[in-house]
1. Kindly check whether there is at least one residue in the stretch 206-217 that is out of contact with any Asp or Glu (no Cβ under 6 Å at 6 or more places or on another chain), aromatic (Phe, Trp, Tyr) and surrounded by fewer than 20 Cβ atoms within 10 Å (Cβ to Cβ).
2. So which of 271, 216 is part of a strand (DSSP E or B), among the charged types (D, E, K, R) and either at pLDDT below 95 or within 29 Å of residue 159 (Cα to Cα) (or both)?
3. Going through 224, 287 one at a time, which residue ends up being among the polar types (S, T, N, Q), touching a Leu at 6+ places or on another chain (Cβ under 9 Å), closer than 29 Å to residue 38 by Cα and not in a strand (DSSP E or B)?
4. Can you find, within the stretch 232-286, the residue that is farthest from residue 57 (Cα to Cα) among those that are of a type in the set (Ser, Thr, Tyr) and touching a residue at least 40 places away in the same chain (Cβ under 8 Å)?
5. Within the stretch 156-171, track down each residue that is assigned to a loop (DSSP other than H, G, I, E, B), over 22 Å from residue 234 (Cα atoms) and touching a strand residue (DSSP E or B) at 6+ places or on another chain (Cβ under 7 Å).
6. All but one of (1) farther than 17 Å from residue 107 by Cβ; (2) assigned to a loop (DSSP other than H, G, I, E, B); (3) under 19 Å from the mean Cα position of the chain (by Cα) hold for residue 34, so report the exception by its number.
7. Can you name the number of the only condition in (1) within 18 Å of residue 196 (Cβ to Cβ); (2) at pLDDT below 95 that residue 258 fails?
8. In a strand (DSSP E or B), within 19 Å of the chain's Cα centre (by Cα) and within 30 Å of residue 39 (Cα to Cα): is that true of residue 116 in this structure?
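The values are calculated or read from the model by the stated rules, or taken from the named source; none is laboratory data. Bear in mind that the values here come from a model prediction, so they are computed numbers and not experimental data. Counting neighbours? That spans all protein chains shown, and the Cβs are built from the backbone with ideal geometry, glycine included.
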Amino acid sequence: MGYLKKILKRLVFLSLSFFMVVSTSFAAEPWTWRVTLDGTGSGQVVDMPTSLYIDVERQRYYVVDSGGNRLLSFERDGNFLLAFYAEGKLESPFDMVRDEKDVIWVVERGKNTLTSIDVRSKQIVPHTLKDGTLTLVPDRIDYKDGVFYILDKQTGRIVILNRDLQVKKWLLCPDCSTGIVDFKLSEEGLWALTQLDKKVVRFDAEGKIVGSFTVEEHVDFPVSLAIGPAGNIYILDRHAADIAVFDAQGRFKYTFLAKGLLRGELYYPIEISFDPWGGLCVVEEGSGRVEVFGR
């Protein structure tokens, strides 16, 4: 009888443990679909989006539609506002920012330029970026306090430029065996993601590496990262079509979402970012939309 009691206790313990694991797994997936940005019903359906710019002041989303050679704006609730073609001069736009002078800066892959668009004066100027004899190949871009942060696709490194587009500094990662594919600015500095060695690297305000961790065990093909409101790191997996979440020290927490074309599913996603209204935004190149998730 004593032996049977031990077995029963063990079974109860295992059952409770399994219940706790399952409960924790479900509890760790609080993100649900909130709104889709795709232009449906407006006559301006998104073709092949590659990035999202969030205008906090205007409370708008700007979708860079590379396939349509245009920028599309949406209200916070997902309502379509305007399609901007820049007089038909955009060639495969890939990413964008807006500066404090209300000038839009667009990375154009078709021209290999960073193009400035002054909407008020209607001036559109493509800029070829150089560092000495090296011609940069701009990819991802961000802007803060008069400084441009640009991912150079050719070297896989992040370069910092001033307002006059002069190179001030390169961010170097000697321990990265492959190039950077995405980065995000935060209060603590800059977070960067490498693709083939699947590493997250954090640079401080001076451009020095102050931390790194690998996501190899939980991510197949990382393409983008975002820093959540609680400091967690969100990694977008293009092939698995899900998002893996880690804490700031690199400890894995959970994954969520799945591949598909239905609402709340991902199809060849390319970028993730957080908006200031609690939304997690996922740009889906394959399905021609941006989905915003909330809690």
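1. Taking every residue of the stretch 206-217 in turn, at least one turns out to be out of contact with any Asp or Glu (no Cβ under 6 Å at 6 or more places or on another chain), aromatic (Phe, Trp, Tyr) and surrounded by fewer than 20 Cβ atoms within 10 Å (Cβ to Cβ).
2. On inspection, the qualifying residue turns out to be 271.
3. Just a single option satisfies the conditions, and that option is 287.
4. Only one residue tops the list, namely 254.
5. Listed by number, the residues that qualify are 162, 165.
6. Looking at each condition in turn, residue 34 falls short on (2).
7. (1)
8. Taking the combined requirement at face value, the residue does not satisfy it.
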